[in-house]
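The values are calculated or read from the model by the stated rules, or taken from the named source; none is laboratory data. Bear in mind that the values here come from a model prediction, so they are computed numbers and not experimental data. Methodologically, a virtual Cβ is constructed for each residue, glycine included, from the backbone with ideal geometry; neighbour enumeration extends over all protein chains shown.
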Amino acid sequence: MVLGPNTIRDCVRFKYLGVMLTKEGTSNEEIDNKIIQGRKAIGKLNSVLWNDKITMKTKQMIFSTVVESIITYGSETWEVNKRNEKRLKAVEMDFWRQACGMSRIEHVQNDEIRRRSQRKNDIMDTINMKRSICYGHVQRSGGLKGCWIGCRTEEGKGKV
């Protein structure tokens, strides 16, 4: 493909903002990776989340600064299908269930967990907000013209 004076080669995958994008245009690989990282972070926070002495406000700050940041990093470029949306929301609910001192065995509905955790927005709201901010930035800076993107071709690393 020719774009102005530049020739753009076909890529199998490339990294943009620390996020791996594939030739197929799906984000499944990247979202899987972020879900795994988020679950690991929640696992490490297990003792904090189940602690009754830590306030819900503190747990909310932990979620937004640690877990949500890990899960949503690079989400501005994701293609999120319904399956991935459900999986992202499930990771979020795992955090809030633990923060509320509930296990899945208790069969407490997500709406009740949300009410107890005083959480109005979900992770998809955060992702959509990040997309809007990114879109505005791209529009104000004149679009993607002149961007350098690192590209991994089938033969090896290349530049576009």
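Restricting attention to segment 107-160, the residues that are among the hydrophobic types (A, V, I, L, M, F, W, C), modelled with pLDDT of 55 or more and surrounded by 12 or more Cβ atoms within 10 Å (Cβ to Cβ) total 8. Scanning segment 47-86 for residues that are over 14 Å from the mean Cα position of the chain (by Cα), loosely packed, with under 11 Cβ neighbours inside 10 Å and among the hydroxyl-bearing types (Ser, Thr, Tyr) yields Ser47, Thr55.
Annotation: of all residues in segment 97-128 being part of a helix (DSSP H, G or I) and hydroxyl-bearing (Ser, Thr, Tyr), the one that is farthest from Lys82 (Cα to Cα) is Ser117.
Yes/no matrix, rows are residues, columns are (1) of a type in the set (A, V, I, L, M, F, W, C); (2) part of a loop (DSSP other than H, G, I, E, B); (3) under 22 Å from Ile127 (Cα atoms):
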{"residue": "Glu24", "(1), (2), (3)": "no, yes, yes"}
{"residue": "Glu29", "(1), (2), (3)": "no, no, yes"}
{"residue": "Gln37", "(1), (2), (3)": "no, no, yes"}
{"residue": "Asp52", "(1), (2), (3)": "no, yes, no"}
{"residue": "Phe63", "(1), (2), (3)": "yes, no, yes"}
{"residue": "Ile70", "(1), (2), (3)": "yes, no, yes"}
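Taken over segment 5-47, the residue count meeting the criterion of being among the small types (Gly, Ala, Ser) and touching a residue at least 40 places away in the same chain (Cβ under 8 Å) is 4.
Cβ-Cβ contacts under 7 Å between residues 6 or more apart (or on different chains), taken from a first residue in segment 53-72 that is free of Cβ contacts under 8 Å to residues at least 40 places away in the same chain and more than 22 Å from Arg87 (Cβ to Cβ) to a second residue that is of a type in the set (A, V, I, L, M) and surrounded by fewer than 19 Cβ atoms within 10 Å (Cβ to Cβ), are listed as Ile54/Val48.
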